[in-house]
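Inspection log for the structure reproduced underneath, given as structure tokens.
The values are calculated or read from the model by the stated rules, or taken from the named source; none is laboratory data. Keep in mind the model is a prediction, meaning the values are calculated, not measured. Counting neighbours? That spans all protein chains shown, and the Cβs are built from the backbone with ideal geometry, glycine included.
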Amino acid sequence: MQFPPRLDIANTPTPLHHLARTSAELGVEFYIKRDDMTGAELSGNKIRKLEFLLADAIEEGCDTVITGGGQQSNHCRATALAATRMGLASVVCLRVEDKEAPPRAQGNILLDRLSGAEIVWIDHDDWARQQEVYEEQATRLRAAGRKTYIIPEGGSNAIGTWGYIRCSEELAIQLGELPVKDTTIVYACGSGGTGAGLVLGGKFFDFAKHQTSVVGINVCDDADYFVKRISGICDDFTGRYPGVATAQADDIRFIDGYVGAGYAKSQPAELTCLRALAARDAIILDPVYTGKAFYGITQELAKDPTRFGKRVVFLHTGGIFGLFGSALEAGYS
Ligand SMILES: Cc1ncc(COP(=O)(O)O)c(C=O)c1O
């Protein structure tokens, strides 16, 4: 496959680990694709997308990137740090309840601050018109002589999609080395870019050959919303890069029902499950994305042990710093 220009700033390929104790506990062969190991400060899924997005920004001669997300956004933290690493400036627009009373610098916010990023606090009304907010920031920065590059929420657009197409290539090799077929790759979905990459990459690298399917667990909104959103990203991708792979709505599979109390709101059962995995296998999930998805896997398996076939490959998309951002509320202290 011919990939577009990419920065080499993620630690890839990431390993695929078999969790023997969790397999015994859940009654299925349980593997974990360690995308929480793509970096230390850059840990998680976002850096794979940013390798392509920032390469594009640099190719366009930009010196400042603008993006946004929730206050504990892993995407904003990874963007801020990756930009700094490449000698670019960054502006991160972080969504809070009250922009006059911003939160303390903990978790991802602390790392945003350390990276030197400019933080712009936005509220839910601003978020509803986020593209305009980014454009306003770009106008302000251009007036100061900067050349700006806007990265959408989650880095989820056609260019960012290459990140998980590339990960699909790793997965196809790793799946081919395992004895058992009949596998489901499960991932947490928040803005759709990881899902779009896995769906398109799964087609290009022929996951079907390994009897492998891909399913997302949404941590906000609902399955219909994400099928449409991922279809849209895939269509944009196919329009921009014809001939790689295409996806139809029925290629995009979801398990709905694990948003729980709402985006970034934890429930005791989810946290108990997160805590149990950490104590059993030293795998640290985050409360907002991977913790909810993993909880969903355990619940689905409890209802039907054959739900995912013989083997689950859980994509650990990172997010560890979100745990520090919400540790107090989550009752860990
Ligand atoms: C830790 C973590 N996992 C999963 C996701 C979801 O990925 P995507 O936005 O590509 O759907 C995100 C970000 O939204 C994340 O930060």
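Just need a number here: residues in the stretch 277-291 that are in contact (Cβ under 8 Å) with a residue 12 or more places away in the chain and out of contact with any helix residue (DSSP H, G or I) (no Cβ under 6 Å at 6 or more places or on another chain).
Step one: of the stretch 277-291, the residues in contact (Cβ under 8 Å) with a residue 12 or more places away in the chain are 277, 280-281, 283-291.
Pick out the ones that are also out of contact with any helix residue (DSSP H, G or I) (no Cβ under 6 Å at 6 or more places or on another chain) and you get 277, 289-290.
Counting residues in the stretch 277-291 that are in contact (Cβ under 8 Å) with a residue 12 or more places away in the chain and out of contact with any helix residue (DSSP H, G or I) (no Cβ under 6 Å at 6 or more places or on another chain) gives 3.
Results for (1) away from the ligand (no atom under 13 Å from the Cβ); (2) in contact with a strand residue (DSSP E or B) (Cβ under 7 Å, 6 or more places away or on another chain); (3) not assigned by TED's automatic domain parsing to the domain that holds residue 33, shown as yes or no for each residue.
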residue	(1), (2), (3)
165	no, no, no
171	yes, yes, no
176	yes, no, no
179	yes, no, no
191	no, no, no
196	no, no, no
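Residue count for the stretch 199-215, restricted to those that are within 14 Å of the ligand (Cβ to nearest atom) and in contact (Cβ under 8 Å) with a residue 40 or more places away in the chain: 4. Residues that are assigned to a loop (DSSP other than H, G, I, E, B), touching a Leu at 6+ places or on another chain (Cβ under 7 Å) and of a type in the set (A, V, I, L, M, F, W, C) within the stretch 12-54 comprise 28, 42, listed in sequence order. Looking at 116, 70, just one residue is in contact (Cβ under 8 Å) with a residue 24 or more places away in the chain, of a type outside the set (D, E, K, R) and touching a helix residue (DSSP H, G or I) at 6+ places or on another chain (Cβ under 7 Å), and that residue is 116.
Taking the numbered list (1) of a type in the set (D, E, K, R); (2) surrounded by 21 or more Cβ atoms within 10 Å (Cβ to Cβ); (3) more than 13 Å from the ligand (Cβ to nearest atom) in turn, residue 77 passes all entries but (3). Return yes or no: is residue 138 more than 25 Å from residue 316 (Cβ to Cβ) and either touching a residue at least 12 places away in the same chain (Cβ under 8 Å) or of a type in the set (Asp, Glu) (or both)? Taking the combined requirement at face value, the residue satisfies it. Within the stretch 81-88, does at least one residue satisfy the condition of being touching a strand residue (DSSP E or B) at 6+ places or on another chain (Cβ under 8 Å), surrounded by fewer than 21 Cβ atoms within 10 Å (Cβ to Cβ) and over 15 Å from residue 138 (Cα atoms)? Checked the stretch 81-88: at least one residue is touching a strand residue (DSSP E or B) at 6+ places or on another chain (Cβ under 8 Å), surrounded by fewer than 21 Cβ atoms within 10 Å (Cβ to Cβ) and over 15 Å from residue 138 (Cα atoms). Please indicate, with yes or no, whether at least one residue in the stretch 1-19 is modelled with pLDDT of 95 or more, of a type in the set (A, V, I, L, M, F, W, C) and within 13 Å of the ligand (Cβ to nearest atom). No.
Is it the case, given these coordinates, that residue 113 is surrounded by fewer than 23 Cβ atoms within 10 Å (Cβ to Cβ), modelled with pLDDT of 95 or more and basic (Lys, Arg)?
Details: surrounded by fewer than 23 Cβ atoms within 10 Å (Cβ to Cβ): yes; modelled with pLDDT of 95 or more: yes; basic (Lys, Arg): yes.
Criteria met by residue 113.
Based on this model, can you work out whether residue 67 counts as more than 30 Å from residue 180 (Cα to Cα), among the hydroxyl-bearing types (Ser, Thr, Tyr), more than 16 Å from the ligand (Cβ to nearest atom) and touching a strand residue (DSSP E or B) at 6+ places or on another chain (Cβ under 8 Å)? It is false that residue 67 is more than 30 Å from residue 180 (Cα to Cα), among the hydroxyl-bearing types (Ser, Thr, Tyr), more than 16 Å from the ligand (Cβ to nearest atom) and touching a strand residue (DSSP E or B) at 6+ places or on another chain (Cβ under 8 Å). Which of the residues spanning the stretch 124-163 are touching a strand residue (DSSP E or B) at 6+ places or on another chain (Cβ under 8 Å) and aromatic (Phe, Trp, Tyr)? Once the filter is applied, which keeps residues that are touching a strand residue (DSSP E or B) at 6+ places or on another chain (Cβ under 8 Å) and aromatic (Phe, Trp, Tyr), the stretch 124-163 yields 127, 134, 149.
Of the residues 265, 228, the single one that is assigned to a helix (DSSP H, G or I), free of Cβ contacts under 8 Å to residues at least 24 places away in the same chain and within 16 Å of the ligand (Cβ to nearest atom) is 228.
Consider residue 263 carefully, then state whether it is under 25 Å from residue 168 (Cβ atoms) and hydroxyl-bearing (Ser, Thr, Tyr). No, not satisfied.
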